[in-house]
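Here the structure is laid out as structure tokens; the discussion comes afterwards.
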Amino acid sequence: MTMRVEDTPAIAASALARQIDDHGFAVIPDYVGRADLDEAQAFVRKNVAAAGNNYTMFSGSEQLDGTFLRDLGRSDDFVNLCRGIYKAGTHRNPPNVEFYQILRCLSGTGAAEHSMRFHYDSYVLTALIPILMPVNGQRGNLIVLPNNRTIRKYYISNLCDKMLIENSWSQKIYRRAYANRQGKMVSIAMRPGSLYFFWGYRSLHTNEPCDPNEIRSTALFHYADPHADSSLKRFLRKP
Ligand SMILES: O=C(O)CCC(=O)C(=O)O
Ligand SMILES: [Fe+2]
């Protein structure tokens, strides 16, 4: 069989989807070029300093001017890659929707508040690019309990999952399980500039604590909310 050039992205996407299924995550090493990464790191350092060396975050891409993160979520290569992984992993048609993008910057006293909070994402696929990771003290690894639930058919089931998990009692149990290295949780030491994928909706996850004197910054692109059309969801979200 001869392989056409245009087949390659689909093959790459299905190999990545398989890796996520089998190992809980997949990675494309050094996805971001050095100059782009330098700019994004400078942006994060400047904004963490402006926040008093404390936690800050950006939602969407509008405020990310001067960094590659401003346009990545609209670039054909990146969008097609995410859609391809989604399609290969779910056997569903990838919806024509934008990413829910955030840039998290953990530092100072705010770092602890935003760490070790186990959750499921509202979106099927999570693409994550670490911008800066601590090099001293606690490193803030990504912790993933791979694929421990299915995509719920009904939004109400998703809400029940959320209630069962996002309470202090369950959080304590998950933290203890992680501390004792119980079960199938994987701890991923991420490298700035590489691109990581996991099934955020299906995998319980969080980040380890990180040193308050360091900066841990991650860019997240969340793709495809399975309950986007739920009338219950719309009703509950009404102002
Ligand atoms: O920053 C990370 O490593 C993960 C963050 C995350 O899971 C989220 O924002 O939904
Ligand atoms: Fe998440």
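The values are calculated or read from the model by the stated rules, or taken from the named source; none is laboratory data. All of these numbers come straight from a predicted model, not from anything done at the bench. Note that each Cβ is placed from the backbone with ideal geometry, even for glycine, and that neighbours are counted across all protein chains shown.
Where residues in region 213-223 are more than 13 Å from ligand 2 (Cβ to nearest atom) and surrounded by fewer than 22 Cβ atoms within 10 Å (Cβ to Cβ), which of them is farthest from SER122 (Cα to Cα)?
Checking each candidate, the answer is ASN213.
Please specify each residue of region 207-228 satisfying the condition of being within 11 Å of ligand 1 (Cβ to nearest atom) and part of a strand (DSSP E or B).
Within region 207-228, ASN207, CYS210, ARG216, SER217, THR218, ALA219, LEU220, PHE221, HIS222 meet the criteria.
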Pick from region 111-142 the residues that are farther than 23 Å from PRO94 by Cα and in contact with a helix residue (DSSP H, G or I) (Cβ under 6 Å, 6 or more places away or on another chain): which of them is surrounded by the fewest Cβ atoms within 10 Å (Cβ to Cβ)? MET116
Would you mind stating whether ASP30 is part of a loop (DSSP other than H, G, I, E, B) and surrounded by fewer than 19 Cβ atoms within 10 Å (Cβ to Cβ)? yes
Across region 172-206, which residue is surrounded by the most Cβ atoms within 10 Å (Cβ to Cβ) among those that are outside any strand (DSSP E or B), within 15 Å of ligand 2 (Cβ to nearest atom) and at pLDDT 95 or above? TRP199
Is it true that some residue in region 54-75 is closer than 18 Å to GLY200 by Cα, touching a residue at least 40 places away in the same chain (Cβ under 8 Å), over 15 Å from the mean Cα position of the chain (by Cα) and surrounded by 17 or more Cβ atoms within 10 Å (Cβ to Cβ)? no
Every residue in region 122-147 that is polar (S, T, N, Q), away from ligand 1 (no atom under 12 Å from the Cβ) and within 16 Å of the chain's Cα centre (by Cα), please. ASN147
Which residue is nearest to ALA228 (Cα to Cα), if the candidates are limited to region 106-121 and must be of a type outside the set (Asp, Glu) and within 10 Å of ligand 1 (Cβ to nearest atom)? TYR120
When GLY66 is run through (1) closer than 26 Å to MET185 by Cβ; (2) outside any helix (DSSP H, G or I); (3) among the small types (Gly, Ala, Ser); (4) away from ligand 2 (no atom under 15 Å from the Cβ), the failure sits at (1)
Here the residues within region 187-205 that are under 12 Å from the mean Cα position of the chain (by Cα) and among the hydroxyl-bearing types (Ser, Thr, Tyr) are TYR196, TYR201, SER203
Can you pull out every residue in region 84-99 that is under 18 Å from ILE129 (Cβ atoms) and surrounded by 20 or more Cβ atoms within 10 Å (Cβ to Cβ)? ILE85, TYR86, PHE99
If the Cβ limit is 7 Å and pairs must be 6+ apart or interchain, which residue in region 195-206 that is away from ligand 1 (no atom under 12 Å from the Cβ) pairs with which residue that is charged (D, E, K, R)? ARG202/ARG149
Identify all residues within region 113-149 that are within 19 Å of MET185 (Cα to Cα) and away from ligand 2 (no atom under 16 Å from the Cβ); write none if there are none. GLN138, ARG139
Do you know which of the residues in region 150-171 that are away from ligand 2 (no atom under 14 Å from the Cβ) and part of a loop (DSSP other than H, G, I, E, B) is nearest to ALA111 (Cα to Cα)? ASN167
